[in-house]
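Working notes, beginning with the structure itself.
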Amino acid sequence: MHPPESRRPQPWPIRLTHWANVPLLAILAASGLQILVAYPRMGPRGRPFALYPFQDAVPPSWLRLGDWLAGARSWHFAFGWFLALNGFAYVLYLAISGEWRRRLFLPRRDARDAVATLAYYLRLRPAPVQTGLYNGLQRLAYTTTLVMGALSILSGLVLYKPVQLQWLTRLFGGYDPARFVHLLLLALFAFFTVGHVILVALHPRTFGEMITGGRRPDAR
C-alpha cells in the first residue's frame, strides 16, 4: 500500500464511502422527519421540551419519506444499518491506510492553522499557507462530522432499543433527551452539508477529485 503522501488526493475507498453517504443521509433525514410528524414534541408523554423551539411544527410533505409512522420507521432503521456499516468501513480504511494523518484534526498540528483559516474566511487576515491535503479548519470540520455520525448511531440505537440498551439510554439522560440529540444532529448535518456544498462551489477542483481521485503528487 502506498504511503498517504504519494496517493491520489481522494483514494477510491474514500470516494466510495463519500458518495454512498449522499443517498443514505437523504433517506434517513426524510424518513426521520416523517417519524417526527407522529411525535412532534420532544418532551415525555407528548409534553413540550424546553430546549426545542419548534413544538408541534410539521415538516413539509416533500421533505418526508414513508407516508406513515410504520413505513418511515422501516426505511429509517433499515438504512441506518447501511449508514453505520459505511461509516465503519470509512474509519477502518483511515486506520489501516494511514489516511487519518492527512484527514483527522490533530490539535498540536492543526489548531493554529484552523484559527488562521477561519480568520481568512471572516476577511480578518490573508490566507495561511496550505502545506497538506486539507487545512486545519477542514480537518476540524471532517473530524467533527465523524463524532456527529457516531453520536447519531448511538442515539439512534437508544430510540431503536431503549429497554434492551438501558445503559446507553442512561448515558443520554433518557429516551427523550436522546431523541432531542438525534434531531439536533440532523440539523447540524444539514448545516454542514450546506456549508460543504458552498465551499465545493467555490473550489470546483475538489468536486472533480472526488469523482476521479485526482492526480498523484508525483504525476506529471
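Please verify whether the range 75-95 includes one or more residues that are small (Gly, Ala, Ser) and more than 21 Å from the chain's Cα centre (by Cα).
No, that holds for no residue.
Go through the range 16-29 residue by residue and tally those that are over 15 Å from the mean Cα position of the chain (by Cα) and either among the small types (Gly, Ala, Ser) or within 18 Å of PHE192 (Cα to Cα) (or both). Residues flagged as over 15 Å from the mean Cα position of the chain (by Cα) and either among the small types (Gly, Ala, Ser) or within 18 Å of PHE192 (Cα to Cα) (or both) within the range 16-29 amount to 0. Looking for something under 22 Å from VAL200 (Cβ atoms), small (Gly, Ala, Ser), touching a Lys or Arg at 6+ places or on another chain (Cβ under 8 Å) and not in a loop (DSSP other than H, G, I, E, B) - is there at least one such residue anywhere in the range 117-124? Looking through the range 117-124, at least one residue is under 22 Å from VAL200 (Cβ atoms), small (Gly, Ala, Ser), touching a Lys or Arg at 6+ places or on another chain (Cβ under 8 Å) and not in a loop (DSSP other than H, G, I, E, B).
Give, as residue ranges, the helices (runs of 4 or more DSSP H) completely inside the range 1-110 that count at least 3 residues that are open to solvent by less than 40 Å² (accessible area, probe 1.4 Å) and in contact with a Ser or Thr (Cβ under 9 Å, 6 or more places away or on another chain). Can you show your working first?
Values: elements: 12-38, 69-97, 100-103.
Per the criteria, 12-38, 69-97.
A Cβ distance below 8 Å, combined with a sequence gap of six or more or placement on separate chains, defines the contacts here; from the range 194-220, residues that are more than 16 Å from TRP19 (Cα to Cα) reach residues that are open to solvent by 90 Å² or more (accessible area, probe 1.4 Å) and modelled with pLDDT under 75 in the pairs PRO217/GLU5. Exactly one condition in (1) in contact with a helix residue (DSSP H, G or I) (Cβ under 9 Å, 6 or more places away or on another chain); (2) under 26 Å from LEU184 (Cα atoms); (3) among the polar types (S, T, N, Q) is false for THR117; which is it? So the condition that THR117 fails would be (2). A search for C-beta distances below 8 Å between a residue of the range 132-160 that is over 21 Å from TRP75 (Cα atoms) and any residue that is open to solvent by less than 20 Å² (accessible area, probe 1.4 Å) and hydroxyl-bearing (Ser, Thr, Tyr), counting only pairs 6+ apart in sequence or on different chains, returns ASN135/THR117; GLY136/THR117; LEU137/THR117; GLN138/THR117. Taking the range 181-208 as the range and being modelled with pLDDT under 90, over 13 Å from the mean Cα position of the chain (by Cα) and not basic (Lys, Arg) as the test, the residues that pass are VAL197, ILE198, LEU199, VAL200, ALA201, LEU202, HIS203, PRO204, THR206, PHE207, GLY208.
The values are calculated or read from the model by the stated rules, or taken from the named source; none is laboratory data. What you see is a predicted model; the values in this text were computed from it and never measured. Ideal geometry is used to build each Cβ from the backbone, glycine not excepted, and the neighbour counts take in all protein chains shown. These area figures cover heavy atoms from the full protein model, side chains too; ligands, DNA and RNA do not enter into them. Shrake-Rupley method; radii C 1.70, N 1.55, O 1.52, S 1.80 Å.
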